[in-house]
1. Could you run through region 44-74 and say how many residues are within 23 Å of residue 130 (Cα to Cα), open to solvent by less than 30 Å² (accessible area, probe 1.4 Å) and acidic (Asp, Glu)?
2. From the list 123, 151, 99, which one is under 18 Å from residue 22 (Cβ atoms), open to solvent by 30 Å² or more (accessible area, probe 1.4 Å) and modelled with pLDDT under 95?
3. For residues in region 75-91 being part of a strand (DSSP E or B) and touching a Phe, Trp or Tyr at 6+ places or on another chain (Cβ under 9 Å), which is most open to solvent (accessible area, probe 1.4 Å)?
4. If the requirement is being touching a residue at least 12 places away in the same chain (Cβ under 8 Å) and part of a strand (DSSP E or B), which of these qualifies: 115, 99, 105?
5. Of everything in region 60-74, what is assigned to a helix (DSSP H, G or I) and at pLDDT below 90? Give them in sequence order.
6. Condition check: farther than 15 Å from residue 84 by Cα, of a type outside the set (Phe, Trp, Tyr) and either surrounded by fewer than 16 Cβ atoms within 10 Å (Cβ to Cβ) or in contact (Cβ under 8 Å) with a residue 60 or more places away in the chain (or both). Does residue 134 satisfy that?
7. Quick check on this structure: which one of 24, 56 is out of contact with any Lys or Arg (no Cβ under 7 Å at 6 or more places or on another chain), in a loop (DSSP other than H, G, I, E, B) and either within 13 Å of residue 92 (Cβ to Cβ) or not small (Gly, Ala, Ser) (or both)?
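The values are calculated or read from the model by the stated rules, or taken from the named source; none is laboratory data. The model shown is predicted, which means the values in this text are computed figures rather than measured ones. Methodologically, a virtual Cβ is constructed for each residue, glycine included, from the backbone with ideal geometry; neighbour enumeration extends over all protein chains shown. Ligands, DNA and RNA are stripped out before the accessible areas are found, and what is left, the full protein with its side chains, is counted by its heavy atoms. Shrake-Rupley method; radii C 1.70, N 1.55, O 1.52, S 1.80 Å.
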Amino acid sequence: MSFEGDLKVGSIGERVAWDILINLPDIRQVIDVRKDKRFQAEDVDFLIETLERQFLKVEVKADRRMGETGNIIYETDTSGNIGCMTKTKADLIYQYDTVNQIMYVIPTFFLRWFVAKRKLQEVRISGDTKGYLVSVEELKAQKIITKIYEVGK
């Protein structure tokens with residue numbers, strides 16, 4: 001898929017995440033920071049404020065092959081730059097399976113812990129992108145995925 005195609009898939013995931021976030025009863029507000037250079041540098045798409053006045057950063061990822069492979073792509077290197085999953089300052093990853101229309105919520109800290117603990121083999125994902133293929137089923141079994149939204153149902 002082309003860079004433009006990847007952006008289109010990503011924007012679909014961002015729209016779905018936005019719709020989920022603005023409808024959660026324990027969220028006071030959601031702020032779209034996708035065009036803010038500071039948050040772009042941190043790989044953060046949205047800021048959320050809970051009713052308890054806790055502020056969290058959210059990064060949204062979308063994948064059209066996730067349902068087929070059963071894996072989340074954990075990017076470590078993209079074109080010689082630090083990959084998103086390695087550099088994001090987000091507290092939560094909203095990972096969207098575009099084909100099955102399922103959104104997975106994953107705390108970034110626990111995802112990183114899981115990847116480090118598993119000592120996964122780094123692979124070439126596509127083109128200049130390297131990273132790990134992380135099993136969705138293993139993340140579910142280890143309770144690393146904290147919420148699942150079945151958007152298409």
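1. 3
2. Details: 123 fails: under 18 Å from residue 22 (Cβ atoms); 99 fails: under 18 Å from residue 22 (Cβ atoms).
Exactly one residue qualifies, and that residue is 151.
3. As a first pass, look at region 75-91 and keep what is part of a strand (DSSP E or B): 75-78, 81-82.
So of that shortlist, the ones also touching a Phe, Trp or Tyr at 6+ places or on another chain (Cβ under 9 Å) come out as 75-76.
Working: 75: 41, 76: 25 Å².
Only one residue tops the list, namely 75.
4. Details: 115 fails: part of a strand (DSSP E or B); 99 fails: part of a strand (DSSP E or B).
Exactly one residue qualifies, and that residue is 105.
5. Our first condition is that a residue be assigned to a helix (DSSP H, G or I); within region 60-74, this holds for 66-69.
Within region 60-74, 67 is the sole residue that qualifies.
6. Details: farther than 15 Å from residue 84 by Cα: no; of a type outside the set (Phe, Trp, Tyr): yes; either surrounded by fewer than 16 Cβ atoms within 10 Å (Cβ to Cβ) or in contact (Cβ under 8 Å) with a residue 60 or more places away in the chain (or both): yes.
No; evaluated as a whole, the condition is false for this residue.
7. Values: 56 fails: in a loop (DSSP other than H, G, I, E, B).
None of the other options fit; the residue is 24.
So that you can scan it fast, the table gives a plain yes or no per residue for (1) surrounded by fewer than 11 Cβ atoms within 10 Å (Cβ to Cβ); (2) in contact with a His (Cβ under 8 Å, 6 or more places away or on another chain); (3) not polar (S, T, N, Q):
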{"position": "105", "(1), (2), (3)": "no, no, yes"}
{"position": "111", "(1), (2), (3)": "no, no, yes"}
{"position": "117", "(1), (2), (3)": "yes, no, yes"}
{"position": "142", "(1), (2), (3)": "no, no, no"}
